[in-house]
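What follows is a set of notes on a single structure, which appears directly below.
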Amino acid sequence: MYETSYHRPTSLEEAANLATEKGDEAKYLSGGMTLIPTMKQRLAAPEALIDLRHVGELKGITVNGRSIRIGGGVTHAEVAMSDEIKSVCPGFASLAGLIGDPAVRHMGTVGGSVANFDPAADYPAALLALGGTIHTNKREIAADDFFLGLFETALEEGEIVTAVSFEAPDQCAYEKFRNPASRYAMCGVFVARRADGVKVGVTGAGSSGAFRWSDGEQALSSDFAPEAVDGLTVSEADMMGDIHGSSAYRANLVKVVTKRAVKKALSH
Amino acid sequence: MTDVTITVNGREMKGSVEDRTLLVQFLRGNLGLTGTHVGCDTSQCGACVVHVDGKAVKSCTMLAVQASGSSVTTIEGLASGADLHPVQAAFREHHGLQCGYCTPGMIMTAVDMIQRHGSSLDEETVREELDGNICRCTGYHNIVKAILSAAGASQPQSIAAE
Ligand SMILES: Cc1cc2nc3c(=O)[nH]c(=O)nc-3n(C[C@H](O)[C@H](O)[C@H](O)COP(=O)(O)OP(=O)(O)OC[C@H]3O[C@@H](n4cnc5c(N)ncnc54)[C@H](O)[C@@H]3O)c2cc1C
Ligand code: FES
Ligand code: FES
């Protein structure tokens, strides 16, 4: 790891000011579960690290009726274990429990995952399917407008993800088909059903990060059953292909995993 | 260099470290607590697991400066005197190790798992939660047995082939 300097602000304002002061050589550090491995491999070398773990404004989960708001600094473990989230949106809590391993979940945060937008990250699939909102220290951005491409989001320099929020749907579930070695999603699908239709968020498979599968959404909105997607084809051209699976394989996974997710949602 | 204060196994330790120093380097290099191992460069193997403020974390993926002000428990802090911690004793009893390289991390992960689940632990949960701990030798079977035994949970009825 290259040299760096560590800073520990205790408020959002202080954190944002530090970022302005240090400029583009600075990076926020939340759980460090992506950033530190990247720094160890010398793929990132920020001169300054601004630790967000001691910023109180980023903590806390609020559930108001069916509205859920999760602070950017909330860990995957806290989401997975939250009785409040489990009671209104069990699919979201169970997704968090499938991220990495217990030690990763104890440190990794919602804000870090959303800001990083790894093409196989789990939360983006859910936030797209739930029509969620990403809150920052400057504005609110709909998930559809936030996730732009591989590791690319609408965040501007120095902008901090302070929370994510969404309304719990009538039914939802997340199904994750894992790479057996890394345990990241080869394809993860979140389905969310409401009176006005079904949304399907897919991660791990697309060549430009998580996306909404609109053909699947249409089919499932008229018939919320696994067989509804049988006749559809997913374009290979938009899929990732690598040593773990070809784009044709991933295109097929989108269908298979969606069917499993629907089945799971129906069984809740 | 930054001054850090970390309570390690109940004792307040002070040190001056480069900001890029990993917690595991501080524990092993500065404090000589070499029970915590490093088995990979990718945050995947879990040989380095310690508890920070009561929770299992990978000490190779945390900076010492991040842990300043926190309490850290390492494998050296589990036993009380000559008496092994129940999880350590269970690993010995059930032969949950061969070369022993993964063992400190396995045990720290197991203690954390038992704290969260207690005797409701079952084989599937143990295997799922060992996701971040890799053992090159044992095939995991005796590790799972040891953890279930230490949790006071029931052992698997049938023994699945590995
Ligand atoms: C072994 C292992 C397995 C994993 N498996 C999975 C998995 O199965 N699924 C999955 O989704 N993820 C997985 N991850 C990644 C994990 O979920 C990370 O926690 C997450 O991607 C990043 O969150 P973090 O809090 O650790 O962020 P950090 O690593 O601290 O930061 C990541 C990036 O986001 C920026 N950032 C952090 N917080 C904010 C914020 N609040 N506002 C703006 N920018 C911010 C940082 O500057 C940095 O660029 C795994 C990680 C490991 C080490
Ligand atoms: S050394 Fe920490 S996970 Fe391998
Ligand atoms: S006992 Fe050798 S690595 Fe686990």
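Find all pairs meeting these conditions: Cβ atoms under 8 angstrom apart; at least six residues apart or on different chains; first residue within segment B:106-119 and more than 11 Å from every other protein chain (Cβ to nearest Cβ); second residue part of a helix (DSSP H, G or I) and β-branched (Val, Ile, Thr).
Pairs found: B:Met106/B:Ile143; B:Ile107/B:Ile75; B:Ile107/B:Val87; B:Val111/B:Val87; B:Ile114/B:Val87; B:Ile114/B:Ile147.
Let me spell it out: the conditions are (1) assigned to a strand (DSSP E or B); (2) closer than 19 Å to A:Phe92 by Cβ, and A:Met186 meets all of them except one. Which number is the exception?
A:Met186 satisfies all of (1) assigned to a strand (DSSP E or B); (2) closer than 19 Å to A:Phe92 by Cβ except (2).
Out of all the residues in segment A:176-187, which are crowded, with 24+ Cβ neighbours inside 10 Å and not hydrophobic (A, V, I, L, M, F, W, C)?
A:Lys176
Which residues, counting only those in segment A:226-244, are surrounded by 14 or more Cβ atoms within 10 Å (Cβ to Cβ) and closer than 29 Å to A:Gln171 by Cβ?
Result: A:Pro226, A:Ala228, A:Val229, A:Leu232, A:Val234, A:Asp238, A:Met239, A:Met240.
For the subset of segment B:6-63 comprising residues that are of a type in the set (Lys, Arg) and outside any strand (DSSP E or B), which member is farthest from ligand 2 (Cβ to nearest atom)?
For segment B:6-63, the residue satisfying everything is B:Arg20.
Considering every residue within segment A:237-257, establish whether at least one is part of a loop (DSSP other than H, G, I, E, B) and closer than 22 Å to A:Asp144 by Cβ.
yes
Of the residues A:Ser182, A:Ser207, only one is out of contact with any strand residue (DSSP E or B) (no Cβ under 8 Å at 6 or more places or on another chain) and either free of Cβ contacts under 8 Å to residues at least 60 places away in the same chain or not assigned by TED's automatic domain parsing to the domain that holds A:Val114 (or both); which?
A:Ser182
Quick check on this structure: which one of A:Pro37, A:Pro124, A:Pro102 is touching a residue at least 40 places away in the same chain (Cβ under 8 Å) and of a type outside the set (Asp, Glu)?
So the residue among A:Pro37, A:Pro124, A:Pro102 that is touching a residue at least 40 places away in the same chain (Cβ under 8 Å) and of a type outside the set (Asp, Glu) is A:Pro124.
Of everything in segment B:128-142, what is in a helix (DSSP H, G or I) and within 12 Å of chain A (Cβ to nearest Cβ)? Give them in sequence order.
Passing the criteria: B:Glu128, B:Glu129, B:Leu130, B:Asp131, B:Gly132.
Quick one: would you say B:Ala151 is at pLDDT 95 or above, more than 16 Å from ligand 2 (Cβ to nearest atom) and surrounded by 19 or more Cβ atoms within 10 Å (Cβ to Cβ)?
Criteria met by B:Ala151.
In segment B:97-127, what residues are within 16 Å of ligand 3 (Cβ to nearest atom) and either at positive phi or outside any loop (DSSP other than H, G, I, E, B) (or both)?
Scanning segment B:97-127 gives B:Gly100, B:Thr103, B:Pro104, B:Gly105, B:Met106, B:Ile107, B:Met108, B:Thr109, B:Ala110, B:Val126, B:Arg127.
Going by what's in this entry, would A:Ser82 be described as outside the structural domain of A:Ala181 (by TED's automatic domain parsing), among the hydroxyl-bearing types (Ser, Thr, Tyr) and under 30 Å from B:Val111 (Cα atoms)?
Spelling it out, A:Ser82 is indeed outside the structural domain of A:Ala181 (by TED's automatic domain parsing), among the hydroxyl-bearing types (Ser, Thr, Tyr) and under 30 Å from B:Val111 (Cα atoms).
The values are calculated or read from the model by the stated rules, or taken from the named source; none is laboratory data. The model shown is predicted, which means the values in this text are computed figures rather than measured ones. Here Cβ is always computed from backbone atoms with ideal geometry, including for glycine, and neighbour counts include all displayed protein chains.
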